[in-house]
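One structure is given here, and the rest of the page talks about it.
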């Protein structure tokens, strides 16, 4: 009520200070025109910062343009950049590195996230505090997490090595998570899991809380065991939410850059060189702007396709 | 005047629209194309699959964008 009075007071004051010429002009406009007047600046801004760069990137992807040679003649090369990327074994290798990272991180996050959600859903004493503590990593910036884990992985002073040494008995300085070929991909998977499992847990928790109690009560009446209830009620009914979390994390991990760049920079060698790292190298180290634009478009179309599936899954969950 | 005498124009379009071209079914086909394209892009087994992955995904995306405007 007070808000409404305050708002009408504000409108009255705005009407008083508006010059008669402007007031007459605005009064002559239809509601549709006024709506357009309000949304036009936002649309122009979006066009300038989103749509224009996208169209420009598509244009550049068909040329041999190099950003470090702005005065050089730019030639149209047709589909040559796309052909080159899609037949290059090195880019293919980067894609398989990305695939391995996406697969393992999502698998581990889904298993741990769902288990945590299932435990939190039991509403034990202090579950609110535990939920808050579990959610903390998700709220940090990837740049902070990257730097933080670089210190944790230090073979001489890092806490991670000492914990592993205490558990396995191996000397703490005998392995380097970020510098050894077999360990570096797992180092990134561990950090990503640490940071994003809480997100998967939240979505799974929403799924578990959406299951009505009467279904479990009916199962109890039918003398279904807890194991049977889990496989026949809990898991099938939470599955659309799990799919949603998997798709969202899949899209995010497919274009993961910041954390990998901070932790390993794609190394050792090209063990952790994901598609985004290859793209950055092509664009800002080799300065093949046309080629990297084509690569960016390929990644964009892939993410756009996955986003379409994500929206479809989201609508299915909403309609439940 | 009974409510049944009125016909929604969208319903007319939907009834005249071929059953095989209904949105749900076509969106599923597009989704399968996109998923196949992404799998082809990320698989480590055959370079030829990787080569044709982008065309497959692009076809799926374009199809999804078009068929999402089809009636149910």
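The values are calculated or read from the model by the stated rules, or taken from the named source; none is laboratory data. Note that the structure is predicted; figures quoted are calculated from it, not measured. All Cβ positions, even for glycine, are placed from backbone atoms using ideal geometry, and neighbour counts span all protein chains on display.
Just to be sure, is residue A:221 without any contact (Cβ under 8 Å) to a residue 24 or more places away in the chain and under 24 Å from the mean Cα position of the chain (by Cα)? Against the criterion (without any contact (Cβ under 8 Å) to a residue 24 or more places away in the chain and under 24 Å from the mean Cα position of the chain (by Cα)), residue A:221 does not qualify. Scanning region B:35-45 for residues that are under 17 Å from residue A:255 (Cα atoms) and at the interface with chain A (Cβ under 8 Å from one of its Cβ atoms) yields B:35, B:37, B:38, B:41, B:42, B:43. Taking region A:248-269 as the range and being surrounded by 20 or more Cβ atoms within 10 Å (Cβ to Cβ) and either on the phi > 0 side of the Ramachandran plot or in contact with a strand residue (DSSP E or B) (Cβ under 9 Å, 6 or more places away or on another chain) (or both) as the test, only A:266 passes.
Residue-wise test of (1) buried (at least 16 other Cβ atoms within 10 Å of the Cβ); (2) part of a helix (DSSP H, G or I).
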{"residue": "A:164", "(1), (2)": "yes, yes"}
{"residue": "A:180", "(1), (2)": "no, no"}
{"residue": "A:199", "(1), (2)": "yes, yes"}
{"residue": "A:227", "(1), (2)": "no, yes"}
{"residue": "A:234", "(1), (2)": "yes, yes"}
{"residue": "A:238", "(1), (2)": "yes, yes"}
{"residue": "A:245", "(1), (2)": "yes, yes"}
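Within region A:56-64, at least one residue is within 14 Å of chain B (Cβ to nearest Cβ) and either modelled with pLDDT of 95 or more or surrounded by 15 or more Cβ atoms within 10 Å (Cβ to Cβ) (or both). Residue A:284 falls short on exactly one of the conditions (1) surrounded by fewer than 21 Cβ atoms within 10 Å (Cβ to Cβ); (2) within 29 Å of residue A:76 (Cα to Cα); (3) in contact with a helix residue (DSSP H, G or I) (Cβ under 8 Å, 6 or more places away or on another chain), and that condition is (3).
Please tell me if residue B:48 is within 9 Å of chain A (Cβ to nearest Cβ), part of a helix (DSSP H, G or I), out of contact with any helix residue (DSSP H, G or I) (no Cβ under 7 Å at 6 or more places or on another chain) and within 17 Å of residue A:87 (Cβ to Cβ).
Numbers: within 9 Å of chain A (Cβ to nearest Cβ): no; part of a helix (DSSP H, G or I): yes; out of contact with any helix residue (DSSP H, G or I) (no Cβ under 7 Å at 6 or more places or on another chain): yes; within 17 Å of residue A:87 (Cβ to Cβ): yes.
It is false that residue B:48 is within 9 Å of chain A (Cβ to nearest Cβ), part of a helix (DSSP H, G or I), out of contact with any helix residue (DSSP H, G or I) (no Cβ under 7 Å at 6 or more places or on another chain) and within 17 Å of residue A:87 (Cβ to Cβ).
Among the residues here, residue A:232 qualifies as more than 29 Å from the chain's Cα centre (by Cα), closer than 30 Å to residue A:314 by Cβ and free of Cβ contacts under 8 Å to residues at least 60 places away in the same chain. Looking at residue A:195, is it in a helix (DSSP H, G or I) and either modelled with pLDDT under 90 or out of contact with any strand residue (DSSP E or B) (no Cβ under 9 Å at 6 or more places or on another chain) (or both)? Yes, satisfied. The single condition among (1) surrounded by 12 or more Cβ atoms within 10 Å (Cβ to Cβ); (2) assigned to a helix (DSSP H, G or I) that residue A:151 does not satisfy is (1).
A residue that is exposed (fewer than 15 other Cβ atoms within 10 Å of the Cβ) and under 22 Å from residue B:55 (Cβ atoms) occurs nowhere in region A:101-119. Checking each residue in region A:72-119 for being facing chain B (nearest Cβ under 9 Å), part of a helix (DSSP H, G or I) and in contact with a helix residue (DSSP H, G or I) (Cβ under 8 Å, 6 or more places away or on another chain) picks out A:82, A:85, A:86, A:89, A:91, A:92, A:95, A:96, A:98, A:99, A:100, A:102. Checking each residue in region A:289-319 for being surrounded by fewer than 21 Cβ atoms within 10 Å (Cβ to Cβ), more than 14 Å from every other protein chain (Cβ to nearest Cβ) and touching a helix residue (DSSP H, G or I) at 6+ places or on another chain (Cβ under 7 Å) picks out only A:317.
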